[in-house]
């Protein structure tokens, strides 16, 4: 198993799903444990390793999010008055994007992260999430539409600063 | 906002890379590839002893369970004989007793005993059994023996009657190493079985003395031809 190539995308996915480095580390570790333990359900003849690991990471992340109460940070609203400093603006923009993505409905969030950030093909996302490809497309479209609305103010801000 | 602008905005959200500690932990989880390794010397000794003990038990079991593949009564005839050596004082010591039959001049040992040596008896039974199996798969013409029991490179030195059966006396060339000579009595009516043989060695008086011999004791006919 090529852990060096699989670890970064899994970690990034887990981090973006949970917003926590510690949780992402736990999830990634659990992923590899699941694949390596003697009674592993992984079947190389049926599923590519990457797909299997993303599936495990997704389940672990959902399980963890279900237990975790919504924190004040998660609910923090994006400031309506961004800093005039460029660096500060980008920091705020990054936080705003993170919050906007995390506020997406669960199914849309997973699809967006896997499609946009990890650049998984739609068919592979469908296998990871065990849904139809058409459902993946639909969720991705809805997620992007939602994000365009949520981040519209920042888009204007970005244009102003160019 | 168009799709490109959204993508640019989404790309502002950077995720950290996994730390070195996590990488190390994950690498440490990798199942080690099992390389073939010869067992240690102590294990080898134990393994060898175990295999040897198993082989002995197997030998014993097979030999007891199958004292002979051919039941003596299933052969057309049985020759019961004993063979041994002559001691310096002229006495005869039996080294082996056997029940045998023959197919086209090839003797098949059905049963044999080594007096006072149970382990050797079992050992010989095992090999006799193997030979019987091989004999069973033989095409029936293992040797180029002729109907009068003569073979290439040998001469029929004469004829004699042994236990009521006419035999051809086959004399082999003298041994180049110790000048011993080997003579056997083969019975054409009994598939050219060697009913008797003697080994003679040069004696001090210039003649030959018998040093070992097979003595035929009984011929038992099981089926009429």
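Kindly put A:13, B:126 in sequence by how many other C-beta atoms sit within 10 Å of each C-beta, fewest to most.
Least to most surrounded, the residues fall as B:126, A:13.
Please find the FRET efficiency linking residue B:166 to residue B:119, where r is the Cβ-Cβ separation and R0 is fixed at 41 Å, and quote it to the nearest 0.05.
0.55
How large is the convex hull of the C-alpha atoms of region B:141-218 per residue, in Å³?
Considering the Cα atoms of region B:141-218, their hull volume per residue is 110 Å³.
How large is the translational diffusion coefficient of region A:22-73 in µm² per second when you combine the Kirkwood radius over alpha carbon pairs with Stokes-Einstein at 10 °C and 1.306 mPa s?
133
Please report how far the C-alpha centroid of region A:20-57 lies from that of region B:11-29, rounded to the nearest whole angstrom.
15
Given just the C-alpha atoms of region B:170-212, how large is their convex hull per residue in cubic angstrom?
With only Cα atoms used, region B:170-212 gives 70 Å³ per residue.
Tell me, A:31, B:58 in order of fewest to most beta-carbon neighbours within 10 Å?
Final ranking by Cβ density, sparse to dense: B:58, A:31.
Arranged by the count of other C-beta atoms within 10 angstrom, fewest first, what order do B:189, B:116 take?
So the ranking, lowest neighbour count to highest, is B:116, B:189.
Please state the equivalent ellipsoid semi-axes for region A:98-149: what are the square roots of 5 times the Cα gyration tensor eigenvalues, largest first, in whole Å?
Equivalent ellipsoid semi-axes, largest first: 18, 11, 9 Å.
Coordinate-derived values only; no laboratory data. Please read all numbers here as calculations on a predicted model, not as lab measurements. Glycine gets a Cβ as well: all are built from the backbone with ideal geometry, and neighbour counts include every protein chain shown.
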